[in-house]
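What follows is a short report on a single structure.
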Amino acid sequence: ILNVEQSPQSLHVQEGDSTNFTCSFPSSNFYALHWYRWETAKSPEALFVMTLNGDEKKKGRISATLNTKEGYSYLYIKGSQPEDSATYLCGYSGNTPLVFGKGTRLSVIA
Amino acid sequence: DAMVIQNPRYQVTQFGKPVTLSCSQTLNHNVMYWYQQKSSQAPKLLFHYYDKDFNNEADTPDNFQSRRPNTSFCFLDIRSPGLGDAAMYLCATSRDLGQGRVQPQHFGDGTRLSIL
């Protein structure tokens, strides 16, 4: 059974704070790591798809890093805004279709 | 414009009464997926279609079936819903390329299913 762990489960930050959360996944048979942002009452939206060890991707204030050898990825949000409030899902793909973690629920307080 | 559309947004059915959830896409993607997400749990893949090729996950209950009559539409049929089937059901699509592993998946808004 593939295990994808995300931590923390939930997070409350003040507007303007920077924050980060973790996705841990099996380091064997790695193929790709996905990050999605899921706002309440909307559809999950793709942020990044990462495939290379050491890869770093950025979209505005959000960035992600990938370490396939040790099996983790970090998602960073710089200067959090209330509109960043959402659940952030990571999905790991090895020899199978995506296996998702439970997500990190971020609340940004104005 | 929504590219993956799920209907209905909310579905209520009775215990044991068959129910069908629908998904349509305008992306012309080869692969369509159905996920089940229960409260505070990870979305769990039930099955996926690569074109007309159906791929069932090993632990998906027999109660769950799927149909894909054409590229644009995919249905999830629950033959005899039990209380444990109450969940959010998400449909997603991707282009080919290794079962969508390196291409992002495009999701619908989901159908929240309640069982009375």
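The values are calculated or read from the model by the stated rules, or taken from the named source; none is laboratory data. Everything numeric in this text was worked out from a predicted model, so none of it was measured. FYI the Cβ positions are ideal-geometry reconstructions off the backbone, even for glycines, and counts take in every protein chain you see. In case anyone asks, the SASA skips ligands and DNA or RNA and just uses the protein heavy atoms, side chains included. Shrake-Rupley method; radii C 1.70, N 1.55, O 1.52, S 1.80 Å.
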Provide a single number: the residues in segment A:25-61 that are in contact (Cβ under 8 Å) with a residue 60 or more places away in the chain and over 30 Å from B:Tyr10 (Cβ atoms).
8
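Report whether or not A:Tyr72 is under 26 Å from B:Tyr35 (Cα atoms) and away from chain B (no Cβ under 14 Å).
Considered against the rule, which asks whether it is under 26 Å from B:Tyr35 (Cα atoms) and away from chain B (no Cβ under 14 Å), A:Tyr72 comes out as yes.
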Do we have A:Gly91 as open to solvent by less than 30 Å² (accessible area, probe 1.4 Å), within 12 Å of another protein chain (Cβ to nearest Cβ), closer than 30 Å to B:Asn55 by Cβ and touching a residue at least 24 places away in the same chain (Cβ under 8 Å) here?
yes
Do the conditions hold for A:Lys57, that is, is it of a type in the set (D, E, K, R), touching a strand residue (DSSP E or B) at 6+ places or on another chain (Cβ under 9 Å) and within 13 Å of another protein chain (Cβ to nearest Cβ)?
yes
In segment A:32-45, the residues that are within 16 Å of the chain's Cα centre (by Cα) and either assigned to a loop (DSSP other than H, G, I, E, B) or farther than 22 Å from A:Ser107 by Cβ (or both):
A:Ala32, A:Leu33, A:His34, A:Glu39, A:Ser43, A:Pro44
What are the residue pairs meeting all of these: first residue in segment A:1-19, first residue at positive phi, second residue at pLDDT 95 or above, Cβ atoms under 8 Å, and 6 or more apart or on different chains?
A:Gly16/A:Gly79; A:Gly16/A:Ser80
Taking into account only those residues within segment B:88-108 that are buried (at least 20 other Cβ atoms within 10 Å of the Cβ) and at positive phi, which is modelled with the highest pLDDT?
B:Gly100
Identify, from the list A:Gly79, A:Gly91, the residue that is over 25 Å from B:Ser39 (Cβ atoms) and of a type in the set (Gly, Ala, Ser).
A:Gly79
Go through (1) over 25 Å from B:Asp96 (Cα atoms); (2) without any contact (Cβ under 8 Å) to a residue 60 or more places away in the chain and name the single condition A:Ala64 misses.
(1)
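Here's a check for you: in segment A:1-31, which residue that is part of a strand (DSSP E or B) and more than 14 Å from chain B (Cβ to nearest Cβ) is most open to solvent (accessible area, probe 1.4 Å)?
Filtering segment A:1-31 for residues that are part of a strand (DSSP E or B) and more than 14 Å from chain B (Cβ to nearest Cβ), the one most open to solvent (accessible area, probe 1.4 Å) comes out as A:His12.
So is B:Phe75 within 16 Å of B:Lys44 (Cα to Cα), modelled with pLDDT of 95 or more and not small (Gly, Ala, Ser) or not?
No; evaluated as a whole, the condition is false for this residue.
Hey, among B:Leu45, B:Leu27, which residue is within 27 Å of A:Arg37 (Cβ to Cβ), part of a strand (DSSP E or B) and of a type outside the set (Lys, Arg)?
Selected residue: B:Leu45, the only one of B:Leu45, B:Leu27 that is within 27 Å of A:Arg37 (Cβ to Cβ), part of a strand (DSSP E or B) and of a type outside the set (Lys, Arg).
Residue-by-condition table, conditions (1) away from chain A (no Cβ under 11 Å); (2) among the aliphatic types (A, V, I, L, M); (3) over 30 Å from A:Leu106 (Cβ atoms):
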| site | (1), (2), (3) |
| --- | --- |
| B:Gln41 | no, no, no |
| B:Phe54 | yes, no, yes |
| B:Thr60 | yes, no, yes |
| B:Arg68 | yes, no, yes |
| B:Asp85 | yes, no, no |
| B:Thr111 | yes, no, no |
Before we move on, is B:Lys17 within 27 Å of A:Ser93 (Cα to Cα), at pLDDT 95 or above and charged (D, E, K, R)?
no
Please state which of the following conditions B:Arg101 fails to meet, knowing it meets all the rest: (1) out of contact with any Gly (no Cβ under 9 Å at 6 or more places or on another chain); (2) basic (Lys, Arg); (3) farther than 18 Å from B:Asn7 by Cα.
(1)
